[in-house]
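Working notes, structure below.
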Amino acid sequence: MPAVFLKDRSLLFVSGAEAQSFLQNLITTDIAALGADEARPGALLTPQGKILFDFMIWRDGDGYTIETDAGQRDGLLKRLTMYKLRAAVTLAPSTEEGVTVSWGEDAEGAQGSQGARGARDGRFAKAGVTLRRRAGRHGDGAEALYDALRISHGIVTSGSDFALQDAFPHDVLMDFNGGLSFRKGCYVGQEVVSRMQHRGTARRRVVTVSAATDLPGTGTEITAAGKPVGTLGSVDGGNGLAIVRIDRAGAAMAAGTPLLAGDTPVSLVLPAWSGLVFPASADEASA
């Protein structure tokens, strides 16, 4: 079983009598529907509906653990504290740094309490992979193994694949991976993302990228006939991730126009677990 320690992840604990309602009214995730053994993605949005902070969240006893990038933790804690007001909620950073992710047969058959075996990552579950997340260091596998796994399944991370305050939840497939609720009621930015959902206006989507040779570096523009389609994110040799305009990419593919990452010919595929397809024309994209 690969077990990889992610040193650049940090944790926050949210507890107290009003912890569930506090989070339910702030973040994109439906906390009330969160399973006891499940980790779901989530985000705190700007009022304009863009991702201000992204994270994973799971139940931890009577409270919740939030796992985020180490560079985001203090800012997220400060923002949550700003919203706390008189709520019966305690917010505290963990003294334990880093998170271990494990997958494979042993992860699927793991026994013991959630704390001992970790919470099952709902994003990977959508792709048919059992991957568990656990606070602290419990393995020494190369981090490149985890990156290769998430790239192959179309699972993005902020910083490498998209910039905070620049992406909507739909852009990173949160409407399909369990991180975005349209039924639980109001939260910060909810009106904007709900409008995108009901009007079907989401055009930027995560794709997996492949090439016959090694891909160029993160940040390389993907083009069709010299026009921008998207930007390359995480790269693993000839495989990578990108967020692209699927209407533009679909039209190019339907017309037989080559797609290039820099000067490298590439192929784009939407993650199968999303159920999305490339529109073949502008008319189809707006249907």
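Have a look at M82, M253, M174 and tell me which one the Gaussian network model of the chain (Cα, springs below 10 Å) gives the largest fluctuation.
Between M82, M253, M174, it is M82 that shows the largest mean-square fluctuation.
On a straight-distance basis, which lysines could pair with K126 in a cross-link, Cα separation under 22 angstrom, same-chain partners fewer than 8 positions away excluded?
K184
Just name one of L259, A225, L52: the one whose Cα is farthest towards the positive end of the charge dipole of the chain (beta-carbon charges, Lys/Arg +1, Asp/Glu -1).
About the Cα centre, the residue reaching furthest to the positive side is L52.
Rounded to the nearest 0.05, what FRET efficiency do T95 and E191 give with R0 = 41 Å and r taken as the Cβ-Cβ distance? Could you check?
Calculated transfer efficiency: 0.60.
Could you give the accessible area per residue of the range 121-234, probe 1.4 Å, as a whole number in Å²?
Roughly 44 Å² per residue, with all protein chains present.
Counting pairs of alpha carbon atoms under 8 Å apart in space and at least six apart in sequence, what relative contact order in percent does the range 43-195 give?
Once normalised by length, the contact order is 30 percent.
Highest GNM mean-square fluctuation, the chain, Cα pairs closer than 10 Å: which of R120, R248, R195?
R195
Taking H as built 1.01 Å from N, whose amide H comes closer than 5 Å to the amide H of I222, not counting residues under 5 places away?
Correct list: V229, G230, T231, L232.
Treat every Asp and Glu Cβ in the chain as -1 and every Lys and Arg Cβ as +1, leave all other atoms uncharged, and give the resulting dipole magnitude about the Cα centre to the nearest 20 debye.
800 debye
What fraction of the DSSP beta bridges in the chain is antiparallel, stated in percent and rounded to the nearest 5?
Of all bridge pairs located within the chain, approximately 95 percent are antiparallel.
Enumerate the lysines that K78 could reach by cross-link, defined here as Cα to Cα under 16 Å, with residues fewer than 8 away along the same chain left out.
none
Taking only the C-alpha atoms, wrap a convex hull around the range 3-147 and report its volume per residue in Å³ as a whole number.
114 Å³
With labels modelled as points extended 7 Å from the Cα through the Cβ direction, what inter-label distance (nm, one decimal) is found for A36 paired with D263?
Going by the 7 Å Cα→Cβ label model, 5.9 nm.
What relative contact order, as a whole-number percentage, does the chain give when Cα pairs under 8 Å and 6 or more residues apart are counted?
Here the relative contact order equals 20 percent.
Using a 1.4 angstrom probe on the protein heavy atoms only, line up T157, T95 by accessible area, largest first.
Correct descending sequence by accessible area is T95, T157.
Let me know the Rg and Dmax you get for the range 181-287 when you use only its Cα atoms, in Å.
When restricted to Cα atoms, the range 181-287 yields Rg and Dmax of 15.2, 47 Å.
For the range 5-45 and the range 214-260, what is the separation of their C-alpha centers, rounded to whole Å?
Comparing the Cα centres of the range 5-45 and the range 214-260, I get a distance of 33 Å.
Antiparallel DSSP bridges in the range 30-158: what percent, to the nearest 5?
Once the DSSP bridges in the range 30-158 are tallied, antiparallel ones form about 90 percent.
The values are calculated or read from the model by the stated rules, or taken from the named source; none is laboratory data. Just so you know, these numbers come straight off a predicted model, no measurement behind them. In this analysis, Cβ positions are derived from the backbone assuming ideal geometry, glycine residues included, and neighbour counts consider all displayed protein chains. What goes into the accessible areas is simple: the full protein's heavy atoms, side chains included, and nothing from ligands, DNA or RNA. Shrake-Rupley method; radii C 1.70, N 1.55, O 1.52, S 1.80 Å.
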